[in-house]
1. Using amide H atoms built 1.01 Å from N in the peptide plane, name the residues 5+ places from THR71, or on other chains, whose amide H lies under 5 Å from its own.
2. Round to the nearest 0.05 the FRET efficiency obtained for SER156 and LEU271 when R0 = 35 Å and r is the Cβ-Cβ distance.
3. Please compute the contact order of the chain in relative form: average sequence separation of alpha-carbon pairs under 8 Å and at least six residues apart, divided by the residue count, as a percent.
4. Run down the lysines and flag those whose C-alpha is under 23 Å from the C-alpha of LYS158, throwing out any fewer than 8 positions away in its chain.
5. What's the ranking of 275-282, 109-116, 4-11 by average number of surrounding C-beta atoms within 10 Å, highest first?
6. When the accessible area of the stretch 71-126 is split by element with a 1.4 Å probe, what percent falls to carbon and sulfur?
7. On the principal axes of its Cα set, how long, how wide and how thick is the stretch 148-196? Give whole Å, largest value first.
8. Using a Förster distance of 45 Å, how high is the FRET efficiency between ALA228 and ARG110, based on the Cβ-Cβ distance and rounded to 0.05?
Amino acid sequence: RMAAGGIHDHIGGGFHRYSVDARWLVPHFEKMLYDNASLAAVYLEAHRITANDSYRRVAVSTLDYVLREMTDPGGGFYSSQDADAAGIEGHYYLWTPAEVEAVLEPDEARLFARCYGITARGNFEGKTILHEPAPLAEFCASNHLDPAAFELQLDSWKKKLLASRARRPAPTRDDKIIAGWNGLMISSFAQAGARLGEPRFVAAAERAAGFVLTRMALDHDLLHSWTASRATIPGYLDDYAAMSVACLDVYNATGNTHWVREADRLARRMLEEFGDSSGGLRFSA
């Protein structure tokens, strides 16, 4: 239901932060790195269990979104994108029939609008948040469309609409890089690369892991965040925990034992820094 709803960015991939209704239709339009990292992993696991290809497509489009819009030239992943653009909530993501018709051929625009519920009245302040009123298979059946061929058409149309949307005023991006959130995203890229046979995802995981462990380190300790070309604040428990797991996931994707050694080093340091005499772990050292 989340993948079909407006909380999912059907044009550019990825998920908004949360929904303000029970149908997953109207989101708060901010996008957070940790949400997309966790959701990519969930859809990837759902695909593994069910072999439902729609789950794979959601995971891949989410990771492609992060590569396209949330990746630093050095390889680390940014924190978030704002909900507003040009001072208007959701402005970047909303569509009218006329805006779609300006990009696609008339027949294509009408079919796309029906598929994603785009109407002249709209569902959010006079415009439409894209969503799937009916499952894609049901939509294809009712419109006498071949599902596989129609999905390819949709991909082509979405690329054109994405290029058009990119000319709009864009949401502001928080380019802070946080170690723990990067660990979650690295794990998702590594798992997806290994399971789906996507070398570009494995490469993204390795680059990001290298970024965090070299540029966000001081005397072999992790630092929490990178901003304005420098790392600050000693790392917290979740930074060490997520990066330890991320290193193991990169090892599983590459077979490079360097990443096992890094995972072991981080886990040992985590116990030293955060371990408590009661047997628990503190959040801060």
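1. Under 5 Å from the amide H of THR71: TYR78.
2. On the way: r = 52 Å, r/R0 = 1.48.
Once the sixth-power term is evaluated, E becomes 0.10.
3. Numbers: 490 pairs, mean separation 47.0, N = 285.
This gives 16 percent for the chain.
4. LYS31, LYS127
5. On the way: 275-282: 9.1, 109-116: 19.9, 4-11: 22.8.
Ranking, from highest mean packing down: 4-11, 109-116, 275-282.
6. Values: 1250 of 2520 Å².
That share works out to 49 percent.
7. On the principal axes, the stretch 148-196 reaches 38, 34, 9 Å in Cα extent.
8. Numbers: r = 48 Å, r/R0 = 1.07.
With a Förster radius of 45 Å, E is 0.40.
The values are calculated or read from the model by the stated rules, or taken from the named source; none is laboratory data. Computed from a prediction, not measured in an experiment: that's the story for all the values here. Methodologically, a virtual Cβ is constructed for each residue, glycine included, from the backbone with ideal geometry; neighbour enumeration extends over all protein chains shown. Just the protein is used for accessible areas: all its heavy atoms, side chains included, with ligands, DNA and RNA removed. Shrake-Rupley method; radii C 1.70, N 1.55, O 1.52, S 1.80 Å.
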